[in-house]
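These notes are about the structure you will find just below.
What follows is calculated from the coordinates using simple rules that are stated; it is not laboratory data. Since this is a predicted model, take the numbers as computed values, not measurements. Note that each Cβ is placed from the backbone with ideal geometry, even for glycine, and that neighbours are counted across all protein chains shown.
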Amino acid sequence: MKINEIFCSIQGEGHFTGKPAVFIRTSGCNLHCPFCDTQHHDGQELGIEAIVEKASRFAPRHAIITGGEPSLQTELGSLAEALHQAGFYIQIETNGTRLLPPSIDWVTCSPKKLQHTVITNPNEVKVVFEGQDMDPYDKMFQAQVWSLQPCDTGDVGRNQVILKECIRYVMQHPKWNLSLQTHKLIGMQ
């Protein structure tokens, strides 16, 4: 598998905010979102055993497979099975454009281009909010948790406007939870 990095941090977004976790960041993505804050094109080829060994060096047993887009990795199902055998709970963060192996414990779908989304019943929908119409998300997904995350544009003034709009939307539509990138707020990776 092509892996960008494996590190331990605090989950900063969505349902598991505040949870210590091991992040397994895969390389490559099939979408090219202008707001993406992840350098995920670089990476090294690692076997499943090496990935699990590196992840097992850390205390948390919550593994978050993210990217890029992890579903592009052909050995994703084998990695999930090996992580389970090593005692990990497995969360995946995906853009939802490709089907996933059934062995994932928690699916966080963060759709970027709805017309390409094939996962419609994740555990969690996490939408990066830029002020867009939210009706299509409500109609398309069945989920347990709904997270709305203000987009970090890199522009402080624009970010403040988006945050206020996001809070206003959540207050008027309480099925949505406000998701802030708390790892950035506390200065962690």
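Remarks
- Under 11 Å, Cβ to Cβ, from Gln144 - net charge with Lys/Arg +1 and Asp/Glu -1: 0
- Asp42, Asp133, Asp152 arranged by Cβ crowding within 10 Å, fewest neighbours leading: Asp133, Asp42, Asp152
- For Lys126, the lysines whose Cα falls under 23 Å of its own Cα, not counting residues fewer than eight places away in the same chain, are Lys19, Lys112, Lys113, Lys139, Lys164, Lys175, Lys184.
- Note on the chain: helix-only mean residue ellipticity at 222 nm, from DSSP H runs of 4+ residues weighted -39500 (n - 2.57) and normalised by residue number, equals -6500 deg cm²/dmol.
- Per residue, the average separation of C-alpha pairs within less than 8 Å and at least 6 apart gives the chain a relative contact order of 18 percent.
- Sequence of Ile24, Ile51, Ile167 once ranked by neighbouring C-beta atoms within 10 Å, starting from the fewest: Ile167, Ile51, Ile24
- Total charge dipole magnitude, the chain, about the Cα centre, Cβ charges on Lys, Arg, Asp, Glu only, Debye to nearest 20: 320
- Shape class for segment 2-185, computed from the alpha carbon gyration tensor (a ≥ b ≥ c): prolate, with a/c not under 1.5 and a/b above b/c.
- Proximal lysines to Lys2, defined as alpha-carbon separation beneath 21 angstrom and excluding residues fewer than eight positions away on the same chain: Lys54
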